[in-house]
1. Using beta carbons and a limit of 7 Å, which pairs, at least six apart or on different chains, have the first residue in the stretch 60-77 and at positive phi and the second one of a type in the set (A, V, I, L, M) and in a loop (DSSP other than H, G, I, E, B)?
2. Check whether at least one residue in the stretch 118-132 is over 14 Å from residue 82 (Cβ atoms), in contact (Cβ under 8 Å) with a residue 12 or more places away in the chain and in a strand (DSSP E or B), and report yes or no.
3. Tell me the residue from 132, 95, 113 that is surrounded by 15 or more Cβ atoms within 10 Å (Cβ to Cβ) and touching a Lys or Arg at 6+ places or on another chain (Cβ under 8 Å), please.
4. Going residue by residue through the stretch 22-31, is there one that turns out to be under 30 Å from residue 107 (Cβ atoms), outside any loop (DSSP other than H, G, I, E, B) and at pLDDT below 95?
5. Here are some conditions: (1) more than 14 Å from the chain's Cα centre (by Cα); (2) surrounded by fewer than 16 Cβ atoms within 10 Å (Cβ to Cβ). Residue 123 meets all but one. Which one does it not meet?
Amino acid sequence: MVKYGLLVASLLLLAVASMLIAQDNAPAKLQKMMISSSADVQQLIDAGAEIIVQQPDYVIFRGGSAAAAQGATSFEEVELVQRFVHIALRDSGDVQTIVDMGVDLWDIEGETVVGQAYDLYINRLKKQGFDVKIMAMDAKKRGGKK
């Protein structure tokens, strides 16, 4: 009987531990915050937030400290705007890198990838040395995916 009690206790302990690990690895939820200046955005970044979309009057972000998220609200899906972009290719392996970084590929025109991406992915590509040109601030208004 003691063996079964230890087995049950061990299984319960494992279940609780796996739930805690799953919570720690869960992606942070997206939030919206109204902004009035680039200092507001920098404050979020300094607090560990990842900016997904930055518009003139608001940002959509994930993560960061609870203090930085004070005043954050939920948002409408339409506010999660992707940019219409052209990305210059440097070599044949770049297409896979660009797609892996989160760009929604529409077409390849010569040495240029045409697609849509969130500001987060655009900034990551620029940091890796890609030449990214934003052709339209809202890819949906550009006519949507081909």
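The values are calculated or read from the model by the stated rules, or taken from the named source; none is laboratory data. These numbers come from a predicted model, not from an experiment. Note that each Cβ is placed from the backbone with ideal geometry, even for glycine, and that neighbours are counted across all protein chains shown.
1. Partner pairs satisfying both residue conditions: 63/28; 64/47.
2. Checked the stretch 118-132: no residue is over 14 Å from residue 82 (Cβ atoms), in contact (Cβ under 8 Å) with a residue 12 or more places away in the chain and in a strand (DSSP E or B).
3. On the way: 95 fails: touching a Lys or Arg at 6+ places or on another chain (Cβ under 8 Å); 113 fails: touching a Lys or Arg at 6+ places or on another chain (Cβ under 8 Å).
Step by step, each of 132, 95, 113 is checked, and only 132 is surrounded by 15 or more Cβ atoms within 10 Å (Cβ to Cβ) and touching a Lys or Arg at 6+ places or on another chain (Cβ under 8 Å).
4. yes
5. (1)
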